[in-house]
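*Asks:* First the structure, then my questions, so here it is.
The values are calculated or read from the model by the stated rules, or taken from the named source; none is laboratory data. Just so you know, these numbers come straight off a predicted model, no measurement behind them. Note: ideal-geometry Cβ built from the backbone for every residue, glycine included; neighbour counts use all protein chains shown.
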Ligand code: UDP
């Protein structure tokens with residue numbers, strides 16, 4: 001069946017892209033042009049099937065507040081502000097590439113910076129989505145001591161998303177670290193409750209409990225797997241479905 005004839009299982013989604021997923025490990029460049037191109041292809045495919053797409057970008061490829069505090073003694077709040085600004089850099093890079101690929105995009109920020117991006121206003125965000133625009137949420141929640149996973153959970157609830165897709169470097173949720181253990185087993189599907197009980201570390205605890213409380217499914221998948229995002233939105237088996 002051609003993709004256009006298919007219907008999304010999840011009509012409105014939040015795609016969380018970690019900063020690490022944007023990095024080029026070979027060259028060390030924080031933002032890999034090829035990853036941006038692939039993202040543009042994936043998002044275009046989602047629009048073709050009528051899915052409404054919001055994106056939350058991380059900033060870990062550039063700066064993390066906690067890591068800064070540990071390694072060079074940066075004040076945690078200052079470091080977190082730096083981390084949130086890092087997400088703005090990633091979001092603008094994504095916007096640029098998506099626009100060049102012919103997609104209509106709006107960047108909405110949790111920290112006011114009117115020359116660069118629109119402020120996040122829930123109703124305005126949903127209106128953009130209804131009009132077929134891709135909305136990129138940047139600057140996390142606007143608060144230190146938070147993560148962009150939490151921002152994704154928050155925004156997903158605010159805009160009434162049907163699911164969060166968490167795109168990382170790993171292709172799902174495992175019972176132990178697959179980078180360290182060759183016998184690590186990937187879960188195909190797991191309930192929120194089981195993920196919590198088994199401490200599977202799908203997201204940080206605050207973000208996860210926000211999803212659990214609101215019965216929001218989370219699909220963890222690999223950014224590197226071509227077409228994985230589309231398949232997940234169509235309801236096909238890919239990565240790990242939490243929910
Ligand atoms: N951050 C923050 N508040 C937020 C979101 C992010 O302070 O609401 C900061 C925090 O320092 C974090 C950094 O921004 O480490 C980058 O975000 P994150 O680590 O979530 O990015 P990812 O791991 O997804 O690349």
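*Asks:* Among the residues of the stretch 115-158, what is the count of those that are within 16 Å of the ligand (Cβ to nearest atom) and either within 25 Å of residue 226 (Cβ to Cβ) or part of a loop (DSSP other than H, G, I, E, B) (or both)?
*Replies:* Matching residues across the stretch 115-158 total 17.
*Asks:* Exactly one condition in (1) surrounded by 15 or more Cβ atoms within 10 Å (Cβ to Cβ); (2) in contact with a helix residue (DSSP H, G or I) (Cβ under 6 Å, 6 or more places away or on another chain); (3) over 17 Å from residue 17 (Cα atoms) is false for residue 202; which is it?
*Replies:* Here residue 202 clears every test but (3).
*Asks:* Going through the stretch 168-192 one residue at a time, which ones are buried (at least 18 other Cβ atoms within 10 Å of the Cβ), at pLDDT 90 or above and not in a loop (DSSP other than H, G, I, E, B)?
*Replies:* Just the residues of the stretch 168-192 that are buried (at least 18 other Cβ atoms within 10 Å of the Cβ), to begin with: 168, 170-174, 187, 190, 192.
Next cut, at pLDDT 90 or above only: 171-174, 187, 190, 192.
Those that are buried (at least 18 other Cβ atoms within 10 Å of the Cβ), at pLDDT 90 or above and not in a loop (DSSP other than H, G, I, E, B): 173, 174, 187, 190, 192.
*Asks:* Same structure again: Considering only the stretch 45-72, how many residues are away from the ligand (no atom under 16 Å from the Cβ), in a helix (DSSP H, G or I) and surrounded by fewer than 20 Cβ atoms within 10 Å (Cβ to Cβ)? Let's see the steps before the verdict.
*Replies:* Initially, the stretch 45-72 is screened for residues away from the ligand (no atom under 16 Å from the Cβ), giving 45-53.
Keeping just the survivors that are in a helix (DSSP H, G or I) gives 45-48.
Going one step further and asking which of them are surrounded by fewer than 20 Cβ atoms within 10 Å (Cβ to Cβ), we end up with 45, 47-48.
Final tally of qualifying residues: 3.
*Asks:* Only one of (1) surrounded by fewer than 16 Cβ atoms within 10 Å (Cβ to Cβ); (2) within 18 Å of residue 201 (Cβ to Cβ); (3) in contact with a strand residue (DSSP E or B) (Cβ under 8 Å, 6 or more places away or on another chain) fails for residue 152. Which number is that?
*Replies:* The one condition residue 152 does not meet is (1).
*Asks:* Counting only residues that are in a loop (DSSP other than H, G, I, E, B) and out of contact with any helix residue (DSSP H, G or I) (no Cβ under 8 Å at 6 or more places or on another chain), which one in the stretch 4-22 is nearest to the ligand (Cβ to nearest atom)? Walk me through it before giving the result.
*Replies:* The first filter runs over the stretch 4-22 and keeps only residues in a loop (DSSP other than H, G, I, E, B), leaving 6-11, 18.
Narrowing further to those that are out of contact with any helix residue (DSSP H, G or I) (no Cβ under 8 Å at 6 or more places or on another chain): 6-7, 11.
Details: 6: 29, 7: 30, 11: 25 Å.
Filtering first and then ranking leaves 11.
*Asks:* Somewhere in the stretch 120-127, is a residue on the phi < 0 side of the Ramachandran plot, in contact with a helix residue (DSSP H, G or I) (Cβ under 7 Å, 6 or more places away or on another chain) and buried (at least 18 other Cβ atoms within 10 Å of the Cβ)? Break it down stepwise before answering.
*Replies:* Just the residues of the stretch 120-127 that are on the phi < 0 side of the Ramachandran plot, to begin with: 120-127.
Keeping just the survivors that are in contact with a helix residue (DSSP H, G or I) (Cβ under 7 Å, 6 or more places away or on another chain) gives 122.
Applying the additional criterion that residues be buried (at least 18 other Cβ atoms within 10 Å of the Cβ) yields none.
The answer is no, given that none of the residues of the stretch 120-127 is on the phi < 0 side of the Ramachandran plot, in contact with a helix residue (DSSP H, G or I) (Cβ under 7 Å, 6 or more places away or on another chain) and buried (at least 18 other Cβ atoms within 10 Å of the Cβ).
*Asks:* Checking the condition within 16 Å of the ligand (Cβ to nearest atom) and free of Cβ contacts under 8 Å to residues at least 60 places away in the same chain, which residue from 221, 196, 165, 241 passes?
*Replies:* On the way: 196 fails: within 16 Å of the ligand (Cβ to nearest atom); 165 fails: free of Cβ contacts under 8 Å to residues at least 60 places away in the same chain; 241 fails: within 16 Å of the ligand (Cβ to nearest atom).
Just a single option satisfies the conditions, and that option is 221.
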